[in-house]
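The values are calculated or read from the model by the stated rules, or taken from the named source; none is laboratory data. Since we're looking at a predicted model, the values are computed, not measured. Glycine also receives a Cβ, built like all others from the backbone with ideal geometry; neighbour counts cover every protein chain displayed.
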Amino acid sequence: MLQQQNRKTSTIPFGYKLDDNKKTLSPITEELEAYQKAKVYLQSCSYREVATWLTTTTNRKISAQGLRKKVLGDSEK
């Protein structure tokens, strides 16, 4: 089960939304599932292509550079 996180920056991470209290982030299941598929697509497609697909699929904008930063951040954990 996905859990809420405390807000750390002014930017709301892809796959999360800001709660009414403006201090915690709630996961958006559909976006996080699409992001997991996107990481698989990156094995055969460019960041730009995958970011375009992710934006179209979720109706939430993410740039190729933003996607790359998120993927690289995940791999460091």
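Could you check the range 27-62 and list, in sequence order, the residues that are exposed (fewer than 14 other Cβ atoms within 10 Å of the Cβ) and either assigned to a loop (DSSP other than H, G, I, E, B) or touching an Asp or Glu at 6+ places or on another chain (Cβ under 7 Å) (or both)? Listed by number, the residues that qualify are Q43, S44, S46, N59, K61. Looking across the range 9-26, the residues that are within 18 Å of R68 (Cα to Cα), assigned to a loop (DSSP other than H, G, I, E, B), touching a strand residue (DSSP E or B) at 6+ places or on another chain (Cβ under 9 Å) and not hydrophobic (A, V, I, L, M, F, W, C) come down to P13, G15. Residues of the range 6-57 that are under 12 Å from the mean Cα position of the chain (by Cα) and of a type in the set (F, W, Y): F14, Y16, Y35.
Annotation note: Cβ proximity below 6 Å between a residue of the range 44-62 that is free of Cβ contacts under 8 Å to residues at least 60 places away in the same chain and on the phi < 0 side of the Ramachandran plot and a residue that is surrounded by 15 or more Cβ atoms within 10 Å (Cβ to Cβ) and of a type in the set (K, R) (sequence gap 6+ or interchain) occurs for Y47/R68. Beta carbons closer than 6 Å, at least 6 apart along the sequence or on distinct chains, pair a first residue in the range 24-42 that is within 10 Å of L54 (Cα to Cα) with a second that is modelled with pLDDT under 95 and surrounded by 14 or more Cβ atoms within 10 Å (Cβ to Cβ) for E31/G15; Y35/G15.
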